[in-house]
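Asks: Could you have a look at this structure, given as structure tokens, before my questions?
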């Protein structure tokens with residue numbers, strides 16, 4: 001009787017396990033928006049190698065760190081970086097409080113609807129725009145303004161919310177890596193506070209796993225209220241050789257997988273793939289003028305030269321959006 | 001028959017659940033090294049409130065962020081900060097390569113075995129010692145030297161490894177919080193790279209959840225090898241008002257619980273407890289001259305003045321090591 005009960009219980013548990021197995025195999029394709037291509041195989045092959053216990057390439061879960069650039073890698077970056085679009089909109093919004101901007105560059109150019117002229121001033125102009133839109137206010141006030149923009153502003157070409165301009169195949173890669181025990185991080189040239197406002201909801205990446213460019217900040221008790229105040233000076237520019245440095249500071253160990261799309265990601269991928277054991281370096285190549293944009297060597301944004309020239313010899317995966325991706329953006333609009 | 005099978009299976013599952021429950025209740029006391037005191041009740045009461053679904057104070061797991069100072073909060077800090085002991089030992093180790101140190105302060109004082117004189121030079125002396133021991137080398141070379149020290153150097157009073165000078169009751173708090181869905185972080189005035197070498201093994205806190213004081217760093221390809229090189233300039237001093245700023249930069253959201261022991265933790269606890277909903281601020285008070293050390297207002301290390309004066313009115317928990325803790329350090333030696 002006891003034996004029968006035990007066998008019956010085991011049968012019931014086995015049935016449960018079978019049902020669970022069926023559910024997992026019916027959702028077996030973790031990358032449904034990827035064509036069956038060498039790029040896709042390089043990604044899944046790497047994940048299988050580092051997660052197979054007993055494999056020479058096995059990596060313990062705590063060391064499964066994957067880093068992703070954002071602009072041009074997880075979401076689009078044309079016709080201008082989306083955070084710049086936020087800055088321009090914010091300048092227009094704040095203009096009534098700043099009559100002097102009508103005659104001061106780069107503000108005058110923004111107000112005249114001439115972003116190219118505004119950006120012609122280079123880094124100096126950019127820092128002026130950043131200081132005027134990202135500083136002198138509490139972290140909460142900044143978050144409110146940027147969140148408001150993110151939930152209402154529309155992309156000029158597609159009419160989508162900017163957070164709907166993310167790449168469906170990359171969302172799948174993020175989820176696939178996490179399902180395989182990876183911890184996913186953003187390491188972006190974009191603003192760290194700006195990124196954190198949507199990274200958790202859109203990418204499933206919590207604030208503490210977002211690394212980006214930062215402005216200095218101070219802590220003050222203002223009228224009795226403890227406050228983080230964003231300052232107008234640059235703290236850290238998270239681009240190029242800055243990316244491995246930021247990874248070292250924020251993550252404290254070398255990733256085993258890195259995804260980027262421009263030469264600003266070169267050192268991050270170089271640093272990642274130079275470690276021992278199995279490594280994965282991926283560059284997304286924007287070669288799809290029809291569904292997205294086509295640009296590389298001569299682009300003013302997301303310039304890709306070294307990555308194109310050296311990815312083959314370095315064993316990095318060059319993902320072609322046109323041939324490797326079944327769809328680009330989420331939902332039916334694509 | 002099918003009904004019988006189902007009932008048998010359910011009974012078997014229920015039995016399993018009972019066994020699991022018994023196992024969890026037999027390990028019911030998550031804080032065995034704490035006396036049954038108001039401090040202990042304040043900690044467990046807070047955790048119960050924020051984790052009880054439907055409670056007005058319920059906090060979703062992703063927002064359950066707890067931050068811990070290290071020196072004097074998780075491990076001891078007498079007679080000098082342990083990282084200073086590492087610096088002094090390292091100076092002696094490197095001295096043969098630097099004959100000029102025999103006549104240069106603060107190195108001469110260190111080599112003469114006079115740490116007080118070495119530290120009399122204040123921050124300037126400290127930065128010279130840090131630059132000589134923590135900079136000009138690759139991150140890997142630094143890690144090797146510090147790891148070697150951590151696994152061999154002994155505390156002058158107890159003869160223990162420094163990593164055995166951690167507080168058993170605080171190890172229990174860390175585990176208890178994590179078992180209740182918290183993510184635990186270190187936010188320390190100590191060096192971020194130094195802390196990361198033992199935080200995962202000793203505290204269960206991975207490198208990416210360690211925040212500390214940092215030196216600047218650069219990324220270079222040295223003889224074909226991508227390398228992070230530690231630089232002699234201070235990057236960020238993670239103390240006092242710097243702590244909320246570092247929390248904002250590294251974690252990106254306000255913690256709901258903060259643990260410290262000195263006025264260098266005041267702003268971190270102030271920032272944490274000023275948020276809405278249930279909050280927990282804890283100060284460890286070193287009042288146990290027999291089992292540890294007794295110091296507060298007049299100490300050169302871990303000075304605690306504002307914390308003592310204001311903790312009651314601010315609703316912060318003042319943990320007395322002498323009365324609140326059954327034991328101080330792990331194992332039988334206590």
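The values are calculated or read from the model by the stated rules, or taken from the named source; none is laboratory data. For clarity, every value in this text was computed on a predicted model and none was experimentally measured. Heads up, the Cβs are rebuilt from the backbone with ideal geometry, glycines too, and the neighbour counts pull from every protein chain shown.
Asks: Condition check: at negative phi, within 18 Å of the chain's Cα centre (by Cα) and not in a loop (DSSP other than H, G, I, E, B). Does residue A:328 satisfy that?
Replies: Taking the combined requirement at face value, the residue does not satisfy it.
Asks: Please report, ordered by residue number, the helices (runs of 4 or more DSSP H) entirely within region A:76-158 with at least 2 residues that are touching a strand residue (DSSP E or B) at 6+ places or on another chain (Cβ under 8 Å) and at pLDDT below 95.
Replies: A:122-134
Asks: Residue A:241: under 22 Å from residue A:72 (Cα atoms), modelled with pLDDT of 95 or more, away from chain B (no Cβ under 12 Å) and touching a helix residue (DSSP H, G or I) at 6+ places or on another chain (Cβ under 9 Å), yes or no?
Replies: For residue A:241, the condition - under 22 Å from residue A:72 (Cα atoms), modelled with pLDDT of 95 or more, away from chain B (no Cβ under 12 Å) and touching a helix residue (DSSP H, G or I) at 6+ places or on another chain (Cβ under 9 Å) - is not met.
Asks: Checking the structure you have, find out if any residue of region A:253-265 is free of Cβ contacts under 8 Å to residues at least 40 places away in the same chain and assigned by TED's automatic domain parsing to the domain that holds residue A:183.
Replies: No: region A:253-265 contains no residue that is free of Cβ contacts under 8 Å to residues at least 40 places away in the same chain and assigned by TED's automatic domain parsing to the domain that holds residue A:183.
Asks: In region A:174-191, is there at least one residue being under 11 Å from the mean Cα position of the chain (by Cα), assigned to a helix (DSSP H, G or I) and more than 8 Å from chain B (Cβ to nearest Cβ)?
Replies: Yes - at least one qualifying residue is present in region A:174-191.
Asks: Right, another one. Exactly one of (1) under 21 Å from the mean Cα position of the chain (by Cα); (2) within 11 Å of another protein chain (Cβ to nearest Cβ) is unmet by residue B:219. Its number?
Replies: (1)
Asks: For residue A:197, state whether it is modelled with pLDDT of 95 or more, under 21 Å from the mean Cα position of the chain (by Cα) and more than 11 Å from chain B (Cβ to nearest Cβ).
Replies: no
Asks: For region B:283-298, which residues satisfy the criterion of being over 19 Å from residue B:267 (Cβ atoms), without any contact (Cβ under 8 Å) to a residue 60 or more places away in the chain and buried (at least 16 other Cβ atoms within 10 Å of the Cβ)?
Replies: Residues satisfying the conditions are B:287, B:288.
Asks: Please pick out the residue among B:41, B:51, B:73 that is away from chain A (no Cβ under 14 Å) and without any contact (Cβ under 8 Å) to a residue 24 or more places away in the chain.
Replies: Going through B:41, B:51, B:73 in turn, the sole match is B:41.
Asks: Against the conditions (1) within 15 Å of the chain's Cα centre (by Cα); (2) more than 9 Å from chain A (Cβ to nearest Cβ), where does residue B:229 fall short? Just the number, please.
Replies: The failed condition is (1).
Asks: Given the conditions (1) part of a loop (DSSP other than H, G, I, E, B); (2) closer than 27 Å to residue A:180 by Cβ, which single one is not true for residue A:240?
Replies: Every listed condition holds for residue A:240 apart from (2).
Asks: Against the condition part of a strand (DSSP E or B), more than 9 Å from chain B (Cβ to nearest Cβ) and within 24 Å of residue A:182 (Cα to Cα), how does residue A:258 come out, does it pass?
Replies: yes
Residue-by-condition table, conditions (1) surrounded by fewer than 17 Cβ atoms within 10 Å (Cβ to Cβ); (2) within 30 Å of residue B:276 (Cβ to Cβ); (3) in contact with a helix residue (DSSP H, G or I) (Cβ under 8 Å, 6 or more places away or on another chain):
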position	(1), (2), (3)
B:75	no, no, yes
B:82	no, no, yes
B:88	no, no, yes
B:109	no, no, yes
B:159	yes, no, no
B:162	no, no, yes
B:174	no, yes, yes
